[in-house]
Structures are given as C-alpha cells and as structure tokens.
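The values are calculated or read from the model by the stated rules, or taken from the named source; none is laboratory data. Quantities reported herein were computed from a predicted structural model and do not represent experimental measurements. Every residue, glycine among them, receives a Cβ derived from its backbone with ideal geometry; neighbour counts consider all protein chains shown. Surface accessibility is based on the protein's heavy atoms, side chains included, excluding ligands, DNA and RNA. Shrake-Rupley method; radii C 1.70, N 1.55, O 1.52, S 1.80 Å.
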Amino acid sequence: MNLLSGLTAGTTYEYQVGAGELWSEVAEMAPFSADGKTSFFVLADVQASDFTQVKMLMDAINEGGYNFGIQTGDAIDTVTDYAEVKSVIDLMSAAHFGDADILRVLGNHEYYGDSAANVASSLYNLPNTTAGGGYSVTYGDVYVATIHFTNTTAELESALAWMVEDAKAS
C-alpha cells in the first residue's frame with residue numbers, strides 16, 4: 001500500500017487513479033483542516049435492500065467537511081452477490097464522501113461466502129484483511145486502530161496485543 005506523506009494542512013490536492021489506458025476523472029482532496037482540527041464520522045452496518053436512506057446519509061456526510069470516516073463493517077450483506085457489491089461501490093464512492101478518507105473494518109458479512117475476504121480486499125485495498133487482523137492510521141492528533149471481525153478468542157487476543165503495542169508506538 002502506498003501512503004502519501006508531506007501534505008500541507010489547508011491545501012487542496014488534485015489526483016487521478018488508474019492504470020494503463022483507464023483513468024478516473026480528476027478529483028480533489030483536502031486531507032487536513034487549516035485550523036488543525038480533526039473531524040470524523042462513524043458508520044455501522046449500512047447493508048440494506050434499499051439504499052435510499054443510506055444515500056441521504058452519505059450526501060449529508062459529503063456536506064459535513066469531515067477529514068475521515070470509519071465504516072465499522074457489514075457494508076455488504078453478501079459479498080458474492082455482484083449486483084449488491086456494485087450497489088455498495090456506487091454508494092460509497094467519492095461522489096458521496098467527498099474528499100474524506102474512509103477507514104474500512106471488515107465485519108462478519110464481508111467474510112460470508114468468502115472466508116479469506118478476497119472480495120473485500122479487492123474493493124477496499126486494505127493492508128490486512130485476515131479475520132482478527134487490522135491496521136492503524138493517524139490523522140493529525142487522532143490515532144485510529146481497526147480490528148476486523150473474528151469469532152476466535154485467540155485471534156482477538158492477538159489483535160488486542162498488537163493494538164496496545166501499535167498505539168504505544170504512535
């Protein structure tokens with residue numbers, strides 16, 4: 001995973017993503033507030049058969065000027081259902097979140113029918129998608145660690161020990 005560094009608070013950056021002949025439109029991001037304050041939102045279990053209300057929430061988030069958000073898992077009910085995956089991709093795009101980064105946590109539904117979370121890994125480009133795995137980031141003076149779903153005590157204990165050490169090092 002490539003991480004950006006050396007960005008300046010209050011500066012708007014333009015970017016594109018793509019490969020070969022396929023590239024996105026130019027988009028903008030302003031990763032940090034000029035005033036140094038960090039604001040974020042948290043979404044949980046947004047899986048739904050009708051995304052109308054979720055879309056209204058996403059649009060409100062886009063207007064909020066947040067630095068980042070945390071989606072705590074179960075964004076997708078069935079990761080092996082292409083139509084559902086596409087709906088979630090369309091819903092949780094930059095068009096709805098603006099320039100806010102989204103930290104993804106894998107819930108139990110991201111593993112249903114895909115025990116290695118290969119689909120979620122492809123969608124979210126996470127550094128670690130193993131059950132009970134996680135990653136951390138720092139935004140300004142805010143440290144955030146994630147731990148993916150696990151129903152195994154040993155995996156959870158290992159993840160918690162990692163988080164304690166990681167937080168100490170941040």
Kindly work out what percent of the DSSP beta bridges joining two residues of the chain are antiparallel, to the nearest 5. 60 percent
Quote the relative contact order of the chain in percent (integer), defining contacts as alpha-carbon pairs under 8 Å separated by 6+ residues. 17 percent
Report P(r) for the range 46-170: all Cα-Cα distances, bin width 10 Å, range 0 to the bin holding the largest distance, values in whole percent. 13, 40, 34, 13, 0
Please compute the per residue accessible area over the chain with all protein chains in place, 1.4 Å probe, rounded to a whole number of Å². 59 Å²
About the Cα centre of the chain, what is the dipole size in debye to 20, counting +1 per Lys and Arg Cβ and -1 per Asp and Glu Cβ, all else neutral? 300 debye
Cross-link reach list, aspartates and glutamates versus Lys55, counting only Cα pairs under 19 Å and skipping chain neighbours closer than eight places: Asp45, Glu63, Asp74, Asp77, Glu84, Asp90, Asp99, Asp101
If packing is taken as the average count of other Cβ atoms within 10 Å, what order do 17-29, 141-153, 70-82 fall into, highest mean first? 70-82, 141-153, 17-29
Under a cut-off of 28 Å between alpha-carbon atoms, report the lysines in cross-link reach of Lys168, not counting same-chain residues fewer than 8 places apart. Lys37
Quantify, in whole percent, the carbon and sulfur part of the accessible surface of the chain (1.4 Å probe; protein heavy atoms only). 53 percent
Does the range 100-170 classify as rounded, prolate or oblate by the C-alpha gyration tensor (a ≥ b ≥ c root eigenvalues; a/c under 1.5 gives rounded; else a/b over b/c gives prolate, otherwise oblate)? oblate
Spelling out what I want: for every residue of the range 53-69, take phi, set θ = phi - 60°, compute 6.51 cos²θ - 1.76 cosθ + 1.60 (Karplus), and round to whole Hz; glycine and proline get x. 6, 5, 4, 4, 5, 4, 5, 5, 4, 4, 7, x, x, 6, 6, 7, x
